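Colleague: The structure under discussion is supplied below as structure tokens; questions concerning it will follow.
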Amino acid sequence: MKNYSKFLLVSSIAAFIALTAFVSPPNGYKIGDKAADFSLKGVDGKMHSLSEIKNAKGYIVIFTCNHCPYAKMYEDRIIALHKKYSKLGYPVVAINPNDPEVVPEDSFEEMKTRSKEKNFGFNYLIDEKQTVFPQYGATKTPHVFLLDKNKVVRYIGAIDDNAQSSAEVKKKYLELAIEAIDKGKKPNPETTKALGCSIKTK
Amino acid sequence: MKLITFISVVFLLFTISCNNAPDKKENNPANDQITNIKTPDVITAFDQLDEKYFHLKDTLLVVNFWATWCKPCVQELPYFNDVAKKYSSQKVKFLFISLDFLNTIDKSLKPFIQQNPFNGDVVLLADQDVNNWAINIDKNWDGAIPVTMLIKNDKKSAHLGSFKNSDELNSFIQSNL
């Protein structure tokens, strides 16, 4: 009898674990979730994490890459964002989530070349094991996750409302969100949708 | 002196042949066909797209959102042509909505639709504010293409991401016929 209840307990725990594993697939972060830190290799060859950034008031985590036309169109805007907001305590941390074996243009060497050519100024990291992007729930490039100083996710989505022409942008979603959290307010909107290139995996 | 004359003549001949080249092309009937390219219908606001294409009575509309720059999109396009053959006698229509960039369509979309077969209309959607219209595709769609939507008598369902093969696309259509 004792053994039987033990078996029942163990099997129900196993069933529960299996069930939760299947019922809640890793859909990534929602607004209000605390983001986990990471340690990823940057174009300088060193490992980088969020916590190494001293006195940050927040973090602009952007999943982006070399090859995607949308990422290319936003490249200059990402550089400008870092220039403007890192001084105010909100640095850009760019992560390339793509498998370079699928997209050679997104290789670590190509990342180094591109960041040098364009003088990025921010950390451009590679998600070599492709574990960070699913944890965040990034599905495409570019895909923005704005975290506050406690690494709580405050905004997810697009940089602005016009990928093709920065001159025709009407709503700078990300900048509005940064300014909101800087004032201790809730961003409005907290999430936006945007086109992008799907993240490349094998 | 002789040399200069020779160079001038060569130069002159070269410029004449250069100037002649475009004329020749224009007079050539074969080239006329090339200039007569299929041009996609350009739609600048999602609402217009909806009004113009999405309300077909008793017809299943298969709407594929794609772009020439999107590798998985281009990979799955043949599945649509493949499957379209099966439904040629039924009330099923295909619509391909390209999200290519309006300012580069002469280099991207136009040559692509010339070189590749499409069993349906090709429309360029140039509405940049995706956040505004994404909800019309599916509440769970976050902007990654490809995405395929089925519309029948204003009822919609969507398949997020690409299809593995023609069979997968076919069963998606079957389940919504």
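Colleague: Could you tell me which numbered condition A:K193 fails, if it satisfies all but one of (1) more than 15 Å from the chain's Cα centre (by Cα); (2) modelled with pLDDT under 95?
Modeller: (1)
Colleague: Still on this structure: Could you list, in sequence order, all residues of segment A:135-159 that are surrounded by fewer than 24 Cβ atoms within 10 Å (Cβ to Cβ) and farther than 17 Å from A:G58 by Cβ?
Modeller: Scanning segment A:135-159 gives A:Q135, A:G137, A:T139, A:K140.
Colleague: Name the strands (runs of 3 or more DSSP E) wholly inside segment B:49-129 in which the number of residues that are open to solvent by 40 Å² or more (accessible area, probe 1.4 Å) is 1 or more.
Modeller: So the answer is B:92-98, B:121-125.
Colleague: Across segment A:36-60, what is the number of residues that are under 17 Å from A:K129 (Cβ atoms) and in contact with a helix residue (DSSP H, G or I) (Cβ under 7 Å, 6 or more places away or on another chain)?
Modeller: Of the residues in segment A:36-60, 3 are under 17 Å from A:K129 (Cβ atoms) and in contact with a helix residue (DSSP H, G or I) (Cβ under 7 Å, 6 or more places away or on another chain).
Colleague: Can you work out which of the residues in segment A:47-75 that are in contact with a strand residue (DSSP E or B) (Cβ under 9 Å, 6 or more places away or on another chain) and open to solvent by 50 Å² or more (accessible area, probe 1.4 Å) is farthest from the other protein chains (Cβ to nearest Cβ)?
Modeller: If we take residues in segment A:47-75 being in contact with a strand residue (DSSP E or B) (Cβ under 9 Å, 6 or more places away or on another chain) and open to solvent by 50 Å² or more (accessible area, probe 1.4 Å), then A:M47 is farthest from the other protein chains (Cβ to nearest Cβ).
Colleague: Tell me which residues, restricted to segment B:142-169, are under 13 Å from B:L99 (Cβ atoms) and either in a loop (DSSP other than H, G, I, E, B) or in contact with an Asp or Glu (Cβ under 8 Å, 6 or more places away or on another chain) (or both).
Modeller: B:G143, B:P146, B:V147
Colleague: Name the strands (runs of 3 or more DSSP E) wholly within segment A:99-202 that hold at least 1 residues that are at the interface with another protein chain (Cβ under 9 Å from one of its Cβ atoms) and within 23 Å of B:I137 (Cα to Cα)?
Modeller: Where strands (runs of 3 or more DSSP E) fall fully within segment A:99-202 and carry at least 1 residues being at the interface with another protein chain (Cβ under 9 Å from one of its Cβ atoms) and within 23 Å of B:I137 (Cα to Cα), they are A:143-148, A:153-157, A:196-198.
Colleague: Let me ask you something else. Would you please name the residue that is nearest to the other protein chains (Cβ to nearest Cβ), looking only at residues in segment B:142-155 that are over 22 Å from B:L109 (Cβ atoms) and buried (at least 16 other Cβ atoms within 10 Å of the Cβ)?
Modeller: B:D142
Colleague: Turning to a different aspect of this structure: If you scan segment B:60-98, which residues turn out to be in contact with a strand residue (DSSP E or B) (Cβ under 6 Å, 6 or more places away or on another chain), away from chain A (no Cβ under 14 Å) and within 15 Å of B:V123 (Cα to Cα)?
Modeller: Residues satisfying the conditions are B:L61, B:V62, B:V63, B:N64, B:K93, B:F94, B:L95, B:F96.
Colleague: OK, next. Scan A:N123, A:N119 and give me the residue that is in contact (Cβ under 8 Å) with a residue 24 or more places away in the chain and touching an Asp or Glu at 6+ places or on another chain (Cβ under 9 Å).
Modeller: Only one candidate qualifies: A:N123.
Colleague: Only one of (1) touching a Ser or Thr at 6+ places or on another chain (Cβ under 9 Å); (2) open to solvent by 70 Å² or more (accessible area, probe 1.4 Å); (3) of a type outside the set (V, I, T); (4) closer than 13 Å to A:T64 by Cα is not met by A:K171, so which one is it?
Modeller: Answer for A:K171: the failing condition is (4).
The values are calculated or read from the model by the stated rules, or taken from the named source; none is laboratory data. What you are looking at is a predicted structure, and each value in this text was computed from that prediction instead of being measured. Reconstructed Cβ throughout: ideal geometry from the backbone, glycine too, with neighbour counts over all protein chains shown. Side chains included, ligands, DNA and RNA excluded: accessible areas come from the protein's heavy atoms. Shrake-Rupley method; radii C 1.70, N 1.55, O 1.52, S 1.80 Å.
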